[in-house]
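Presented below is the structure to which this report refers.
What follows draws every value from the coordinates through simple rules; no lab data is involved. What you see is a predicted model; the values in this text were computed from it and never measured. So basically every Cβ, Gly included, is an ideal-geometry build from the backbone, and we count neighbours across all protein chains shown.
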Amino acid sequence: MGRVLPASLSESQFERALGQLAGEIGAAHVITDPAKLREWRDPFAFASWDAFEASAVLQPKSVEEIQAILRIANEHKIPLWTSSQGRNNGYGGAAPRVKGGVILNLRRMNRVLEVNEECAYAVVEPGVSFFDLYEAIKKEGAKLWMSVPDLGWGSVIGNTLDHGLGYTTTGNHPDSQCGMEVVLASGDVLRTGMGAMGDSKAWHVYKRGLGPSADGLFMQSNFGIVTKMGVWLSPQPERYSPCWLTTRNESDLAKIVDTVRPLLLERVIQNHPMILNAVCAASALSSRKDWHTGESALPEAAIDKIASQPGLGRWVSRFAFYGRDKLVEQQIAQAREAFARIAGAELTVSDFDGANLPAKLENPNEQVQAGIPSIDFNQMTKWYGGEEGGHIGFSPAAPLTGAHARKVRDLVSAGLAKFGLDYSAAIICQPRCFLHICLVVFDTKDEAQTKRAYDASKALVVEAAKHGYGEYRAHLDFMDLALEQYDFNNHALRRFNERIKDALDPNGILSPGKQGIWPKGMRPS
């Protein structure tokens, strides 16, 4: 296989550009070795697939080095693909949307710039992982809790910009960011919100500033490179009480959803409950071969066997309570009363002193709901294929009602069954909506099964849209397809995004194709 290059450059032109880049950031931070570049591909693509191969990786250390990279990229028309940690694995990892793109990876920009206990926030650079922020808070001795997603190895900024979620009271990560610093394609540096003042005292405590709020434009977009961000934290609670709900019947999904909704709307539950089907719950603890060895989707008998295990069910749900002891007692009592209306439902509550949590909780579900980073849930990827298992996230949004939950479940499970794949679902609830995170799991060593997983996901994007359910987050392989479904008024949203793209990045160098946003010269006809 020949060397991959950006489409717009000859090998000699690219070598000249790489020499300039090495002069700015150091040759050690310009990666071109094919063996090392393997780390930066879609981690779950079949080994011989090369649609999203990078030509190089650049790892700057500062805003000034980013500005130098942008100057050279504009000069040579080099497509850059920005990543923070580059661990967005179920959505394509760090790989660039355009074959031959150069990855601009920000892992070296990994400083926690501030932990403010008084106003409960931190300020981080894009290379700061959830583990890094957790350690910084502990080192400061601050009585603060953070929010983490199920896997803590990713970037705090990267997860936020991709509309990621966690599971404490500040778990809506886009809503919990406050104040960004952004480098535009021109190299100009912008600060959003109150940060637009030269000596602002409220940059990370008041979100709006004066005039239009720009922060949302830099989420799931290719309009700029976020180099600093404020993130809100929460005070250490007096009591932390994680809960585990099990139900025995497949039909209980709608009842759970309709019970959770008022508890969320009334703020009895203040974090994001997750509802897992039996297969998803089992994948955190076991492998598929423990339950079934056939090639078709899991039969009902195998799912029933999983559901019969202690602590499991056809549906299991997790949520938690935080705060003063008396208040938590009242909230638990309300939850018990509400879930008692579901026949056969069992609610288990654990209790912890918020000031004296162990560094690692035995149950990973309880750990992430306490804001303690973990990678234990990486086990789910190993359902097929063991260490070489993979998954794609198919993730539509829908109203938080039992009727919609049933409809999305039926649509997705039937769609996967057509491709002989298991239905593994983690439904994340917010007060008015849910995100149906379907883990389309497969063995990356099996090319036929891997292709079925990618094809099934694309088919589901189209089928879900027919029923009014759009992706909240899209894999590299179907970003264009996902945006195509947002078709109101002849794709007015896409046309709006393209106008902004052309104004801010006329050379189209920043992450072309990110979430279906293409620069003028690369736009599909």
| request: Mind giving me the FRET efficiency for residue 330 and residue 499? R0 is 56 Å, r the Cβ-Cβ distance, nearest 0.05 is fine. | output: 0.65
| query | Taking the stretch 239-479 on its own, what percent of its Cα-Cα pair distances exceed 24 Å? | reply | 46 percent
| query | What ³J(HN,Hα) values, in whole Hz, does the Karplus curve 6.51 cos²θ - 1.76 cosθ + 1.60 give for the stretch 82-97 when θ = phi - 60°, with x put for Gly and Pro? | reply | 7, 9, 9, 7, x, 10, 7, 5, x, 10, x, x, 8, 4, x, 5
| field | Percentage relative contact order, the chain, counting C-alpha pairs under 8 Å, at least six apart | value | 16 percent
| remark: Sequence order, the stretch 398-410: Karplus ³J(HN,Hα) from phi using 6.51 cos²θ - 1.76 cosθ + 1.60, θ = phi - 60°, Hz rounded, Gly and Pro as x, gives 8, x, 7, 9, x, 5, 5, 4, 4, 5, 5, 4, 5
| Once label points are set 7 Å from the Cα along Cα→Cβ at both residue 116 and residue 522, what is their separation, rounded to one decimal in nm? | 3.7 nm
| Built amide H within the under 5 Å cut-off of residue 154, gap 5+ | 130
| query | Which pairs, out of 289/514; 305/466; 289/451; 36/139; 138/382, put more than 26 Å between their alpha-carbon atoms? | reply | 289/514; 305/466; 36/139; 138/382
| query | Which Cα, out of 321, 371, 308, lies furthest along the positive dipole direction of the stretch 308-382 (beta carbon charges, K/R +1, D/E -1)? | reply | 308
| note | Within the stretch 70-88, the residues whose backbone N lies under 19 Å from a label point placed 7 Å from the Cα of residue 10 along the Cα-to-Cβ direction are 75-79
| query | Taking H as built 1.01 Å from N, whose amide H comes closer than 5 Å to the amide H of residue 104, not counting residues under 5 places away? | reply | 58, 81, 82, 83
| Any number yet on Rg/Rh for the stretch 112-235, C-alpha, Kirkwood? | 0.94
| message | Which one, 185, 204, 168, is farthest towards the positive end of the dipole of the stretch 112-235 when Lys and Arg carry +1 and Asp and Glu -1 on their Cβ? | response | 204
| What 222 nm value per residue comes from the helices of the chain, counting each DSSP H run with n ≥ 4 as -39,500 (n - 2.57) and dividing by all residues, nearest 500 deg cm²/dmol? | -9000 deg cm²/dmol
| message | Check which residues have an amide H placed less than 5 Å from residue 144's amide H, if you skip close sequence neighbours. | response | 236
| said: Could you compute the net charge surrounding residue 97? Neighbours are other residues with a C-beta less than 11 Å from the C-beta of residue 97; K and R count +1, D and E count -1. | reply: -1
| Nearest-0.05 FRET efficiency for residue 403 and residue 487, computed from C-beta distance (R0 30 Å) | 0.80
| field | Spin-label pair residue 38/residue 363, simplified geometry with 7 Å Cα→Cβ offset, distance in nm | value | 4.0 nm
| field | Footprinting exposure proxy for 419, 478 (fewest neighbouring C-beta atoms within 10 Å first) | value | 419, 478
| said: Is there a quick way to get the dipole size of the chain? I mean about its Cα centre, with the Cβ of Lys and Arg at +1 and of Asp and Glu at -1; what is the value in debye to the nearest 20? | reply: 740 debye
| request: Determine, for 32, 293, 168, the number of other Cβ atoms within 10 Å of each Cβ, and report the residues in order from fewest to most. | output: 293, 32, 168
| said: What whole-number distance in Å separates the alpha-carbon centres of the stretch 231-261 and the stretch 272-321? | reply: 18 Å
| remark: The exposure ranking of 123, 98, 128, fewest beta-carbon neighbours within 10 Å first, is 123, 98, 128
| said: Whole-Hz ³J(HN,Hα) for each residue in the stretch 279-294, computed from phi via Karplus 6.51 cos²θ - 1.76 cosθ + 1.60 with θ = phi - 60°, x for glycine and proline: what do you get? | reply: 5, 5, 4, 5, 5, 7, 10, 8, 10, 4, 4, 5, 10, 6, 10, x
| note | In nanometres, the difference between 0.36 nm per residue of separation and the alpha-carbon distance of residue 188 and residue 309 is 37.8 nm
| task | Note the full-extension length gain between residue 3 and residue 20 as 0.36 nm times their separation in residues minus their Cα-Cα distance, in nm to one decimal. | result | 4.2 nm
| Rough spin-label spacing in nm, given labels placed 7 Å along Cα→Cβ, for residue 210 and residue 75 | 3.8 nm
